[in-house]
1. Once you charge only the Cβ atoms, +1 for Lys and Arg and -1 for Asp and Glu, what is the size of the charge dipole of region 331-411 about its Cα centre, to the nearest 20 debye?
2. Whole number please: convex hull volume per residue of the Cα set in region 192-291, in Å³?
3. Using Cα-Cα distances under 8 Å and only pairs 6 or more residues apart, what relative contact order does region 227-335 have, in percent?
4. What fraction of the DSSP beta bridges in the chain is antiparallel, stated in percent and rounded to the nearest 5?
5. Below 8 Å, C-alpha to C-alpha, sequence gap of six or more: please give me the relative contact order for the chain in percent.
6. Post the alpha-carbon centroid distance, region 372-405 to region 117-163, in whole angstrom.
7. Would you mind checking the tilt of helix 164-177 against the longest principal axis of the Cα atoms of the chain, expressed as 0 to 90 degrees and rounded to 10?
8. Just order 334-340, 362-368 by mean Cβ neighbour count inside 10 Å, highest at the front, would you?
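A short reminder: the numbers here are calculations on the coordinates, not readings from a lab. Values in this document were obtained by computation on a predicted structure and should not be read as measured data. Methodologically, a virtual Cβ is constructed for each residue, glycine included, from the backbone with ideal geometry; neighbour enumeration extends over all protein chains shown.
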Amino acid sequence: MDPKLDESAIRKVVEDVLQRLGQSKAAQSTPAVTRGNRRSSIPSRTTQSNRRRPQGIFDDAYDACEAARSAFLQLREAGLDGRNRVVRIIKELCAQKANEWGKLELEETKIGRLDHKIEKLRIIDLVPGVEWLRPYGMSGDHGITLEEYTPFGVIGAITPITHSIPTLSSNVISIVAAGNAVVFNPHPGGARCAIVAVRTFNEAIHRELGIENLICCIEHPTLESFAALCKCENVPLLVVTGGPGVVNAAMRSGKRAICAGPGNPPVVVDESADIENAVTGVIKGAAFDNNLLCIGEKEVYVVDAVFNTFVAELKRQGAVALTDTQLDRLSAAAFSQEADGGGCSHAVLNRDFVGQDPPVLAEHAGVQVNRGTELLFAETPADHVFVIEEQMMPMVPVVRVGDIEEGIAYAVEAEHGYKHSSMIHSRNVDNMTAMARALDTTLFIKNGPCMAGLGLGGEGYLSYSIATVTGEGITTPKTFTRTRRCVMVDNLRIY
Ligand code: NAD
């Protein structure tokens, strides 16, 4: 034996060999990522643990973020073709599973309408994908420059109870089209159906592309898991879709957050409006999924000159009017008064009433309506609780106003500066412009229902996260990218 090869040196050689053997085994067990005819394998840290657990579902936010980070690296290897394939998988599964998942979501959340839960999944095809990311090129005397939209890595996402699977699916398309992986902390009330969708998406992605855990989800989401997600070092960006509580929490987290916050969209109807069309629009938007849409028509201001015509048309198109007494009964059940400490009180929405069917609300109002009734309405003053609070019920307050100026002024008040959505029914361009300026909302729809603002009956595209608070607007793949510039000085310019 070589005298220099003492015991510790032999141990080192043995350890080296064992380590190399271990690495090659890990590489063998890691699924290969294919890109055209290229194959590469990136070790997945979660391969072992996921044999024992469902795909993408984690108890712990840190584990989820680690797994998503590994998936992000695998997606990078899969290139634009890989991203396109993931987008196609999500869109196809949403269409195929729309009935099943719509039912599942309604059973779990117990809010909204089955037909619209199904529709919200069928229209996922309208969410833009990789094609949205067009690089910006510049060419001049000093060469050429290209600005490209590149991924962040792992995005942390919070979803609402109002559209659990639709928001998750729409977020996945935008986030993955941009080249990122994602970790969801869904609303606890819609987490079970979110998990079913995540597992189904991941299984299909793994089958087709060999990537694991591209979409991760916290199995039992809590405020603590949200806080842990915010602290994860490899999550540089959050996208938050929800009410004021979660938006404020995200803004305080210290992370950059894209915030799709609350709304209370007003509608103004002036004397020049096509009343039949205005009523059709209001019923369509306010009745959709029992008024769960954040963009949905929540209160209507109608100028005195056409108020009675408007109300008659609402009835003609099937909406049912509540009397003052009936409205008082419903309001007392649907809101409570809470002291705010300063000797005043404010209304608090009873969550049990959110997204309930009109006959259920009517019963609380002390009246029976037909099962097929889509919308209730009542004439109210401008400061009524149904006007001021984001009530998310198929019961719209209709406020009589003297003129367009008064209608717009009340609309500004009720919108609370959320800068979310507003609607006008008018043929008067000056009135349209005045309202657009005064409300300053992210979506402003003229002569159509709210959903026309998301490519449903109007021009445009769809997303379930409208970044109102932070100003990105209707989120697209570009929202989830970093802009990077690549410059070639002088050379390569051929003209
Ligand atoms: P919500 O605010 O109750 O819950 C949203 C999410 O935030 C859930 O996952 C919830 O668990 C979490 N959350 C709530 N408070 C939190 C806190 N303090 N810290 C951390 N996490 C918290 O909202 P919701 O009832 O699920 O959804 C309805 C609300 O969302 C409405 O206000 C609606 O306008 C808004 N919304 C906005 C958009 C948009 O695109 N702007 C889309 C859908 C819904």
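1. The dipole magnitude comes to about 280 debye.
2. So the per-residue hull volume is 177 Å³.
3. That works out to 21 percent.
4. So the antiparallel bridges in the chain amount to around 35 percent.
5. 18 percent
6. Value for the Cα centre distance between the two parts: 37 Å.
7. Helix 164-177 sits at roughly 50 degrees to that axis.
8. 362-368, 334-340
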